[in-house]
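What follows is a short report on a single structure.
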Amino acid sequence: MTYIEFTVDGEPVGKGRPRFTRNGHAYTPEKTADYENLVKLSFRKKYPDFKPILKVIPLSVVICAEFPIPASFCKNARLEIKNGTRKPTKKPDADNIAKSICDALNGLAYHDDSQIVELTVHKKYSSSPCVKVCIGELRGE
């Protein structure tokens with residue numbers, strides 16, 4: 001059974017909407033493309049010789065997006081973060097974070113993100129912004 005776990009350092013970035021040229025050609029925004037490349041590099045750094053999980057295997061993915069604590073937060077807000085009662089209800093949306101991570105891992109960690117049958121995304125504050133990704137096979141369920 002395969003279990004993959006890795007971290008993408010830096011502030012989480014959600015998948016941006018496609019942009020269009022005047023001629024009507026669609027392209028991926030630069031910030032999105034850069035972040036997806038960072039996800040790929042982070043994965044390859046930890047798993048340099050990994051072969052994608054076969055397309056017939058269903059997967060579970062857990063993503064924990066950790067955002068920097070805003071400098072403007074007062075002492076009470078920082079205490080709420082420490083106690084786990086304050087969460088980032090700001091952009092990017094959880095689904096857009098998942099989309100950028102899952103799309104970046106297509107053909108790298110797994111054959112296609114259509115294999116993902118369970119997806120959980122958590123957003124929280126942290127003194128070390130990053131995205132932690134865990135991918136596991138779901139066999140015999």
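Only the coordinates and a few stated rules stand behind these numbers; no lab work does. Model, not experiment: these values are computed from the prediction. Here the Cβ is made from the backbone with ideal geometry for all residues, glycine too, and neighbour counts use every protein chain on show.
For the chain, the share of DSSP beta bridges that are antiparallel, to the nearest 5, is 60%.
Over the chain, what is the relative contact order in percent, taking alpha-carbon pairs closer than 8 angstrom and at least six residues apart? Write down the numbers at each step before the final one.
Working: 240 pairs, mean separation 65.1, N = 141.
That works out to 46 percent.
Note on K87: lysines with a C-alpha under 23 Å away, same-chain residues under 8 apart excluded, are K15, K75, K99, K123, K124, K132.
Below 8 Å between Cα atoms, with a sequence gap of 6+, how large is the relative contact order for segment 1-82 in percent?
Details: 37 pairs, mean separation 23.5, N = 82.
This gives 29 percent for segment 1-82.
Close amide H contacts of H122 (hydrogens built in the peptide plane, cut-off under 5 Å, sequence separation of 5 or more or a different chain): I63, C64, A65. In plain terms, the C-alpha convex hull of the chain casts an average shadow of 10.7 nm² when viewed from every direction.
Annotation: amide H of Y110 within the under-5 Å range of I53, sequence separation 5 or more or interchain, hydrogens built in the peptide plane. In the chain, helical runs assigned H by DSSP with n ≥ 4 each contribute -39500 (n - 2.57); averaged across all residues and rounded to the nearest 500, the mean residue ellipticity at 222 nm is -8000 deg cm²/dmol. Using Cβ point charges alone (K and R +1, D and E -1), the dipole size of the chain about the Cα centre works out to roughly 540 debye. Considering only V62, V13, V117, the mean-square fluctuation computed in a Gaussian network model of the chain, springs between alpha carbons under 10 angstrom, is largest for V117.
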